[in-house]
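The values are calculated or read from the model by the stated rules, or taken from the named source; none is laboratory data. A quick note: this is a predicted structure, and the numbers were derived from the prediction, not measured. In this analysis, Cβ positions are derived from the backbone assuming ideal geometry, glycine residues included, and neighbour counts consider all displayed protein chains. Each accessible area value is taken on the protein alone, full model and side chains, heavy atoms only, with ligands, DNA and RNA left out. Shrake-Rupley method; radii C 1.70, N 1.55, O 1.52, S 1.80 Å.
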Amino acid sequence: MKTKVIKGTLALLLVLILAITAVGCKKSTVSPTPTPSQSAGQDDVADVPANRYDATKTPRTGNNATMPLVLSTGTLDGKFSPFFATSAYDVDVVGMTQIGLLYYNKDGAPEAGINVPSLALEYKQEVSADKSKTTYTFVLKKGITFSDGKPVTAKDVLFSMYVLSDPMYDGSSTFYTMKIQGINEYRLQTSADVLKMVDAILEAGITTGDDGSMVINPANGATKEQQEKFWSYLDAAGQKFAQEIVDYCLANYSEYIGSDYFPGFTADQVNADTDLQVAFGMCLWGFGEVADGVLTDNMGNTYDLSKDTVDAKVYWDNILDAYGYDLSDSGINTEKAGDLTIQDYIKSEYITNEGQVEGGVKSISGITTGTVKGDDGVEREYVQVVIDGVDPTAIFKLGVSVVPMHYYTEGYTGTLNDFGVDTGKKEFMDHLKTKNNKPVGAGPYIFQEYKDNVVTYTAFDNFMLGSPKIKTLRYQEITLGAELDSVLTGTVHFTDPSASMTIINDITKGEGDYAKLAYTLVDNDGYGYIGIQAQAIPEFEVRKALAHAMNVDLAVTDYYGELASVNYRTMTKVLWAYPDNPEDFFPYDGTGEKSKELFLAAGYKYDEAKNIMYYPDGHAKAGQQVTFKFTLPVEAKDHPAGTIFIDTQKVLAKIGVKVEIETDQYLLSKLNTAYESGIQVWAAAWGGGGVDPDMFQIWYSDPKVNQGPPRAGLYYLYENGSEEEKAMLRELNDLIMAGRSTLDIEERKEIYKRALELSTSIAVEIPTYQRKNMFVYNKNVIKSDSLFSGEDVTPFQSPIAFIWNVELND
């Protein structure tokens, strides 16, 4: 079972961050038809603001011309590519040089227009009457250039999309997961008939026989021989599935090398030894333990890591041993590290070896381009994408960074197709990676060099929204935790330290070096909560009794202070779907009387003379004092929910209910098996999930449809709860699917308002707080009124989001 390790990174939230990494959707918007800044011949038209700043005509003066603006960043990996950047810090570095097909505003909503940093002048989304397909049309701005002076055209958009759709693409973008018409045929180089047969085989599936062997279920649309051949690729696919987990652990959690998860080895040793890499991935994911240089896997096998082979096959054998041939999301796919399931890997293996079309599939039928004449009489290019069905998140995956085909293909000696790619060739992807050291795009700054932990840019004076006000920009690598010191000492001018009242108080006092600093707070994209495991505590009234005894305000007053606010719904407050002024469904009662009333309604018995609440007749613990176990990952004094738990313990003691508070450092890794692990009530926090409010993964409770981990016991309630609970969950499921089937923002708001009422009131997750993050800058250096501030600063838009408008003081 997967061990979930939480890694926190504080990176500057730039709107220019690469759109290829984003997910979610906000609304359907078509910008008004713009007026070109020039009205001569069509070749002279440039879709840019008429009053944009042009440094070639009005040169910069003072510090804007001579002094660099220095921003802090964390340790860089050096993958400065719009295709292959993975760390948030690398993404920020690349983002300064790029422009997206769309722009995502402070609310995360997609926008296009002449005053918007997007290549699209306007766009529209059209859903067919039967909802069988959605058509996205992007009209491109005319007269825009890359930083090397070459024009940006529809070919560059198609090039960007085709790279992200290539079967050999191994970057972080999930563009290829959209149901774009023809994309599967292109990626797998196969026919619709083969895909239909494969889908039939996968639908029929396999099961585990009594003797542990694989049993192939009969499939309509495929012969027995075809099925046997298909499933013969399971082991090869499984090893790639396992290797992805290893790669994910190395890329994201290498700091755990040498920790209790993987003791006795250094990062250099692991990076140089593939056997150690697999062993590390197995240990981090909960499939083994290391002691004294020996790996003991979950099957009981031991491996001397100084000499024995530990490869992806060993890992895959352990996964098979744990789950058999259960390929569901609660089986083998529970372990997936990325978007690809084990079925995806098998499909790829089979088609690569058995089902490719002779001569290949040359294009993606659902991605096309052409020209259209606007109301202003100007002919512009457009790109059109057609996807099957309705997907509210597609608009974010479609907002790709528009990358210059001429630059990224320059020097490639292979054969390129009409879209600038060599389909399915590793050599082509390797060539693209040779450009990782110098990104080029149409963004506001031109990358110059990365040297001595500093990235240096110069302004792109022909940027579509105007020349950046500051000539030179730099990123300075800063050790995690040293952000505040770096701005105090003048090493950087803008940073994002971990928010604290100490920093706020010091800046407010304005003594010494703090006198030059200013700060901005922004809501974190995530929220804290207290979980109540519904299978462990199945009575609705009892869960509500616990909730009424919880003073969630204490997470703010006793822990965060001004750096958090109370949350009353099971969603981050920064999302557009979060309702206005929601009702508190579980108002705190410190007397315990409301909780006692609910316990008694559930059939529990209270002895007032002894002040003991007893389990009801028929309960497995009938006659015993009611006792609950509350679990935290750290000591109560060090956790936002700590004083909530301690106070709840006191409140429930007033009515004879005992609460035991325990600490378990491995709590987070046990939440997917909370019931089996004996966890009843716990505290944790959800991280940000993008800008789309889709609730399916966590809240869809029919286990036949959503086969993810039964974290809060919702599957149990769906099948075994009271009639009231079952009705609530059925309605919630219907609302979740309704929210996925429309692009209408206002309609979705109403859907999620009701869905959140249900998810919160069923009392398996009690929201507690929404904390804040912080930006700190040197106000003596940076002109404060050139930054975004107040409500304009959100998790989706930092103070320096429009970096081209930022100015320095003279």
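Miscellaneous remarks
- The relative contact order of the range 289-405, computed from alpha carbon pairs under 8 Å that lie at least 6 residues apart in sequence, is 10 percent.
- Across the range 146-167, the residues whose backbone nitrogen lies under 18 Å from the label position 7 Å along the beta-carbon direction of T371 are 151-158.
- Percent RCO, i.e. relative contact order, over the range 249-323, from Cα pairs under 8 Å lying at least 6 residues apart: 23 percent
- Rounded to the nearest whole Hz, the Karplus-based 3J(HN,Hα) values (6.51 cos²θ - 1.76 cosθ + 1.60, θ = phi - 60°) of the range 252-264 follow the sequence 10, 10, 5, 5, 8, 5, x, 7, 4, 6, 8, x, x, with x at glycine and proline.
- Vicinal HN-Hα couplings computed from phi for the range 550-558 (Karplus, 6.51 cos²θ - 1.76 cosθ + 1.60; Hz; Gly/Pro x): 9, 8, 5, 4, 5, 4, 8, 5, 9
- Peptides ranked, highest mean first, by Cβ atoms within 10 Å: ranges 751-757, 506-512, 190-196: 751-757, 190-196, 506-512
- Most simply put, the chain has about 80% antiparallel DSSP beta bridges, counting only bridges with both residues inside it.
- Per-bin percent of Cα-Cα distances, the range 46-105 [5 Å]: 4, 14, 14, 17, 16, 18, 14, 4
- Accessible area per residue for the range 89-178 is 28 Å², calculated with a 1.4 Å probe on protein heavy atoms, without ligands, DNA or RNA.
- Relative contact order, percent, the chain [alpha-carbon distance under 8 Å, six or more residues apart]: 20 percent
- In loop segments of the range 322-416 as defined by DSSP, the trypsin sites (Lys or Arg not before Pro) with at most 14 further C-beta atoms inside 10 Å of their C-beta are K362.
- The distance separating the Cα centre of the range 646-720 from that of the range 330-345 comes to 23 Å.
- For the range 588-714, the per residue solvent-accessible surface stands at 46 Å², with DNA, RNA and ligands left out and a 1.4 Å probe.
- Translational D in µm²/s for the range 357-444 (Stokes-Einstein at 20 °C, 1.002 mPa s, Kirkwood Rh from C-alpha pairs): 133 µm²/s
- Exposure check, 1.4 Å probe, all protein chains in place: E660 carries approximately 80 Å² of accessible surface.
- Exposure rank, largest accessible area first [Y614, Y186; 1.4 Å]: Y614, Y186
- Share of pairwise Cα separations in the chain, more than 45 Å, in percent: 30 percent
- Amide proton proximity set for D54, modelled H, under 5 Å, gap of 5+: S467
- Dipole moment magnitude, nearest 20 debye, the chain about Cα centre, only Lys, Arg, Asp, Glu C-beta charged: 1560 debye
- Averaged over its residues, the range 398-446 has an accessible area of 40 Å² per residue, based on protein heavy atoms and a 1.4 Å probe.
- Nitroxide proxy distance, nm - points 7 Å out along Cα→Cβ at K605 and N301: 5.5 nm
- Size descriptors for the range 740-810, from the alpha-carbon set: Rg then Dmax equal 19.2, 58 Å.
- Largest first, the extents of the alpha carbon coordinates of the range 225-278 on the three principal axes equal 49, 17, 16 Å.
- With every protein chain in place, the chain: carbon and sulfur % of accessible area (1.4 Å): 46 percent
- At most 12 other Cβ within 10 Å, DSSP loop - chymotrypsin sites (Phe, Trp or Tyr not before Pro), the range 519-550: none
- All C-alpha pair distances within the range 80-136, sorted into 10 Å bins from zero, spread as 21, 34, 32, 12, 1 percent across the bins.
- For the range 692-785, the equivalent ellipsoid derived from the Cα gyration tensor has semi-axes of 36, 17, 12 Å, listed largest first.
- The range 518-662: translational diffusion in µm²/s, Stokes-Einstein, Kirkwood Rh over Cα pairs, 37 °C, 0.692 mPa s: 198 µm²/s
- Residue (of Y560, Q533, M550) at the positive-pole extreme of the range 498-588, dipole from beta-carbon charges: Q533
- Label-reachable residues, the range 356-385, where backbone N falls under 14 Å from a point 7 Å from T145's Cα toward its Cβ: none
- Protein-only accessible surface order, largest first, of D92, D391 at 1.4 Å: D391, D92
- Note on S348: accessible area approximately 40 square angstrom, rounded to 10, probe 1.4 Å, nucleic acids and ligands left out.
- Built amide H within the under 5 Å cut-off of V659, gap 5+: F628
- Leading residue at positive end of dipole, the chain (Cβ point charges), from S467, V246, N672: S467
- Restricting the chymotrypsin sites (Phe, Trp or Tyr not before Pro) of the range 408-473 to loop positions (DSSP other than H, G, I, E, B) with no more than 15 neighbouring Cβ atoms within 10 Å leaves nothing.
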